[in-house]
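The structure appears below as structure tokens.
The values are calculated or read from the model by the stated rules, or taken from the named source; none is laboratory data. The structure displayed is predicted, hence computed values, not measured ones. Here the Cβ is made from the backbone with ideal geometry for all residues, glycine too, and neighbour counts use every protein chain on show. Only protein heavy atoms, including side chains, enter the accessible area calculation; ligands, DNA and RNA are left aside. Shrake-Rupley method; radii C 1.70, N 1.55, O 1.52, S 1.80 Å.
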Amino acid sequence: MRHHDRSPVIIALDTHEPDQALSLARLLDPELCRLKVGKELFTAAGPALVKELHSLGHEVFLDLKFHDIPNTVRKAVAVAASLGVWMLTVHASGGRVMLEAAREGALEGATRGGIDRHPLLVAVTLLTSLGQQDLDDMGIQRTMVEQVQRLASLAQGSGMDGVVCSAVEVAGLRALLRKDFLLITPGIRPAGDSHHDQKRVMTPAEAMRAGSDYLVIGRPVTRSSHPSERLTAICGAL
């Protein structure tokens, strides 16, 4: 079962300039992508920007990666859900009680905002910038794959809708988890593009064949001289 009723592509608006983000949003077809608002942009522009993106017809993936004590996360997720966002993130490493509190907050916030459907709630396993040496440095005595699978199983058992993971881990997770459990993969680079600071990457077509549900793509589109054309080409190659 796949959950994207249109395009699986999510474009990351990784900028602190609201005007730049909105200009890009006006160029991109909402039928071909959703838009990801992360910490940098949300810190600069806040909920007002989310509302402006909604007014342009875009669905918003609010990627703030909440990770705090359970009550704080519940309240923060409730506020985010009341904005009508399509998807939002928490850190799986926050633990079961925090994840369950986030689920409660999502339901509370949707009700408060008069929204029929609460946002999809997805947990971050390991950031795609991390490698095995980073886990060793943190004292985690597991391989990357083992740690991602442990956190993904925890997220599924705690009521999350899916996880954020590297595309190279998708096939193993797809075999381990429920068929309807969403796998959202950043670190996506079209063939020939620079990997920049990402260590675990795949092309869009490779990630979809492996079993990804949604693909997070940033610089290959946002730094293109023709963002709309680049997005169309990426979607056409899936």
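Brief remarks follow.
- Per this entry, residue 21 is not counted among residues that are part of a helix (DSSP H, G or I), in contact with a Gly (Cβ under 9 Å, 6 or more places away or on another chain), of a type in the set (Gly, Ala, Ser) and open to solvent by less than 20 Å² (accessible area, probe 1.4 Å).
- Checking 28, 49 one by one, the residue that is at pLDDT 95 or above, in contact with a helix residue (DSSP H, G or I) (Cβ under 7 Å, 6 or more places away or on another chain) and crowded, with 22+ Cβ neighbours inside 10 Å is 28 and no other.
- Of all the residues in the range 130-142, those that are more than 13 Å from residue 93 (Cβ to Cβ) and touching a helix residue (DSSP H, G or I) at 6+ places or on another chain (Cβ under 7 Å) number 1.
- Tabulated pairs, the range 55-66, first at positive phi, second assigned to a strand (DSSP E or B), C-beta under 8 angstrom, 6+ apart or interchain: 65/89; 65/90; 65/91; 65/124
- Residue 90 meets all of the listed conditions (1) in a helix (DSSP H, G or I); (2) within 22 Å of residue 156 (Cα to Cα); (3) open to solvent by less than 10 Å² (accessible area, probe 1.4 Å) but one, namely (1).
- Test: residue in the range 148-159 that is surrounded by 14 or more Cβ atoms within 10 Å (Cβ to Cβ), among the β-branched types (Val, Ile, Thr) and not in a helix (DSSP H, G or I): no
- Residue in the range 182-204 that is at pLDDT below 95 and part of a helix (DSSP H, G or I) present: yes
- Conditions (1) open to solvent by less than 10 Å² (accessible area, probe 1.4 Å); (2) closer than 26 Å to residue 215 by Cβ; (3) part of a helix (DSSP H, G or I): number failed by residue 163: (3)
- Positions within the range 207-232 being open to solvent by 30 Å² or more (accessible area, probe 1.4 Å), without any contact (Cβ under 8 Å) to a residue 60 or more places away in the chain and outside any loop (DSSP other than H, G, I, E, B), in sequence order: 209, 229, 230
- Selection of first residues in the range 128-148 that are under 19 Å from residue 187 (Cα atoms) and of second residues that are of a type in the set (Gly, Ala, Ser) and surrounded by 16 or more Cβ atoms within 10 Å (Cβ to Cβ), restricted to Cβ pairs under 7 Å at least 6 apart or on distinct chains, gives the following pairs, ordered by first then second residue: 128/166; 128/187; 145/172.
- Residue within the range 63-77 that is open to solvent by less than 10 Å² (accessible area, probe 1.4 Å) and out of contact with any strand residue (DSSP E or B) (no Cβ under 7 Å at 6 or more places or on another chain) present: no
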